[in-house]
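Have a look at this one.
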Amino acid sequence: MPMKTAQQYEDSLRKLKLKVYLQGELVDNPVDHPIIRPSMNSVKMTYALAEDPQYAELMTATSHLTGNKINRFCHLHRSTDDLVKKVKMQRLLGQKTAACFQRCVGMDAINAVDSVTFEMDKKLGTNYHERFTKFLLMMQEEDLTVDGAMTDPKGDRGLAPSKQDDPDLYVHVVEKREDGIVVRGAKAHQTGAVNSHWILIMPTISMGKDDADYAVSFVAPADAEGIFYIYGRQSCDTRKLEGGDIDVGNRQFGGHEALMVFDNVFIPWEHVFMCGEYEFSGLLVERFAGYHRQSYGGCKVGVGDVLIGAAALAADYNGAHKASHVKDKLIEMVHLNETLYACGIACSAEGYKTASGTYLIDLLLANVCKQNVTRFPYEIARLAEDIAGGLMVTMPSEKDLRHPEIGKIVEKYLRGVAGVPTEYRMRILRLIENLTLGTAAVGYRTESMHGAGSPQAQRIMIARQGNIEQKKELAKAIAGIPLK
Amino acid sequence: MTENMRTISINFCGGCNPRIDCGRLAAEVRHALDKQGCKVLVNQADADFVVFLSGCTANCAWRYGDSDRPQAIVAGASLDSFALGENELAAEIINRVSDYFAKLENHLPG
């Protein structure tokens, strides 16, 4: 089956019977809802670019299962080149959408589940990998968007899943049947959930024997009986209901997160990839998180490219582009952005083959990449706000600009350099606002902080992989201290 | 179109962070070669002549490409490793392709 076109993707979403609540109401038609629609457009771009020969080298790959050309988001990395191309594809999509395009979590999930189920089967004699491969084949052939879902609500962070007051604070198995399992619980912050055909659930932390019911991984159709979604609010989201196209900052694209709830959902065995093998939950978390920390070295960089461009345009429109400190700030923004990219490329180039044949990134470098992502976008955003000036947050609305009487006043007093329409200046400032504190700031700022694991999670991995003892030996050798 | 029509393929890098406008360059090259009666393809390794078109010096179109056909390699503002202005690239590529086929027709070494 050929890859889906962008239109076919949109049409396929319309056939789903998703149960989505948004601001207290059940949404009748998520695809066309003005708050949701921009996020759908971002995912749709992952299909559109794959159709364009100019982007095919990055956007598509050859399936190791069928030899067919597939969308890279459905591909298992078969080489370090694949890992590098993944990062480049993400940068490209960040540039084209200036938003989170959401499809990475599924790609990172399938790559992690592939290698972990393979190794689990070898050790325990289970047959999860075969089941997973059948699902992957369907995903590739039907060019599906799959939401990789890991993060549980977690309740009291000081307690293990099985010790929580409310047992549903982590997704868990409530019943095992001959034909499958029944699960209950929720996954929080689910990026792209409402734009996905299927969901791939994974445990969220390393687990012990008492938590065996929580060590569960499976796939389900996004509209399976018992699954529903509560759509996450974003700063300035209701501007999308106002009908204009300036004040939203990014009219066409966006991202979204949702709380995904499992109300006693039946999962047939053929869709279960882990059920009680708690000793493999940590490995799955580590690998998924590693891939996702690599991802941020691509997607955030692409969005950063747009923000840097917007800041440079704001300087042009303000007439400040020749000021040396403005030039220097733009240089600093590029430096920070490219440092993130360098980390994304480095952890990919240093990747290695796992037992299943799927390539994994260098985990130390991927965690360094994400640790930088928890910081640099904030500094890039700060510099963008510095260059933009206060008007970014004080200027009148689009309705004022369009007003038959005061529009002329807005036009007159908000003008920057001659030759640039006031509207252009307003548009670029609203884009910067959107990225730094509007709807897109969810993806560019706070997701950079907490997505794929909060900063401390990376520091734990860096501590594990940093090899301090070997560094001590190096120092001893140079300093003339006897070695061990 | 005849069966003997020369085929030239423009093979793209993927375009993650281009420093030249690959889309515009490809369109210029395609337009000129169309007028010369060539058939211009995209991303084909077995064309009579392949133009690898990468947006930057990472040169992904060539690096990940696999073709032993006569070729020209654009990597950012360069052609076959020689630096050029972006606005010179289209003409140089067309010259390179034209020269190759002219030599072929005159049985001269390529």
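The values are calculated or read from the model by the stated rules, or taken from the named source; none is laboratory data. Predicted model only: the values in this text are computed from it and were never measured. When we count neighbours, we look across all protein chains shown, and the Cβ atoms used for this are built from the backbone with ideal geometry, even at glycine. The area values use the complete protein model at the heavy-atom level, side chains included, leaving out ligands, DNA and RNA. Shrake-Rupley method; radii C 1.70, N 1.55, O 1.52, S 1.80 Å.
For region B:1-38, give me each residue that is within 14 Å of another protein chain (Cβ to nearest Cβ), open to solvent by 20 Å² or more (accessible area, probe 1.4 Å) and β-branched (Val, Ile, Thr).
The answer is none; no residue qualifies.
Can you tell me which residues in region A:89-132 are in a helix (DSSP H, G or I), away from chain B (no Cβ under 14 Å) and farther than 19 Å from A:Val146 by Cβ?
A:Glu119, A:Met120, A:Asp121, A:Lys122, A:Lys123, A:Leu124
Name the pairs whose Cβ atoms lie under 6 Å apart, with the first residue in region A:437-448 and more than 23 Å from A:Thr394 (Cα to Cα), the second assigned to a helix (DSSP H, G or I), and 6 or more positions between them or separate chains?
Within 6 Å, the pairs are A:Ser448/A:Lys300; A:Ser448/A:Val373; A:Ser448/A:Pro377.
Is it the case, given these coordinates, that A:Lys86 is assigned by TED's automatic domain parsing to the domain that holds A:Gly232, modelled with pLDDT of 95 or more and farther than 18 Å from A:Gln252 by Cα?
Yes; evaluated as a whole, the condition is true for this residue.
Another question about this same structure. Name the residue that is most open to solvent (accessible area, probe 1.4 Å), counting only residues in region A:62-88 that are in contact (Cβ under 8 Å) with a residue 24 or more places away in the chain and assigned to a strand (DSSP E or B).
Among those residues, the one meeting the criterion is A:Lys69.
Considering only residues that are open to solvent by 10 Å² or more (accessible area, probe 1.4 Å) and not aliphatic (A, V, I, L, M), which ones fall in region A:326-343?
The answer is A:Lys327, A:Asp328, A:Lys329, A:Glu332, A:His335, A:Glu338, A:Thr339, A:Tyr341, A:Cys343.
Between B:Asp80, B:Asp66, which is of a type outside the set (S, T, N, Q), open to solvent by 10 Å² or more (accessible area, probe 1.4 Å) and more than 12 Å from chain A (Cβ to nearest Cβ)?
Just one listed residue meets the conditions, B:Asp80.
Same structure, new question: Going through region A:366-410 one residue at a time, which ones are assigned to a loop (DSSP other than H, G, I, E, B), open to solvent by less than 30 Å² (accessible area, probe 1.4 Å) and within 30 Å of A:Ser348 (Cα to Cα)?
The one that is assigned to a loop (DSSP other than H, G, I, E, B), open to solvent by less than 30 Å² (accessible area, probe 1.4 Å) and within 30 Å of A:Ser348 (Cα to Cα): A:Thr374.
For residues that are in contact with an Asp or Glu (Cβ under 7 Å, 6 or more places away or on another chain), over 11 Å from A:Ala149 (Cα atoms) and open to solvent by less than 30 Å² (accessible area, probe 1.4 Å), tally how many sit in region A:171-195.
Selection size over region A:171-195: 5.
In region A:130-158, how many residues are polar (S, T, N, Q) and farther than 21 Å from A:Glu10 by Cα?
Number of matching residues: 2.
With among the small types (Gly, Ala, Ser), touching a residue at least 40 places away in the same chain (Cβ under 8 Å) and open to solvent by 40 Å² or more (accessible area, probe 1.4 Å) as the only criterion, which of A:Ala320, A:Ala349 stands out?
A:Ala349
All but one of (1) without any contact (Cβ under 8 Å) to a residue 24 or more places away in the chain; (2) assigned to a helix (DSSP H, G or I); (3) β-branched (Val, Ile, Thr) hold for B:Val29, so report the exception by its number.
(1)
OK, next. Does B:Leu41 qualify as being within 30 Å of A:Gly94 (Cα to Cα), within 14 Å of chain A (Cβ to nearest Cβ) and crowded, with 21+ Cβ neighbours inside 10 Å?
No.
Which residue, of A:Asp156, A:Asp168, A:Asp147, is under 17 Å from A:Phe228 (Cβ atoms) and open to solvent by 10 Å² or more (accessible area, probe 1.4 Å)?
A:Asp168
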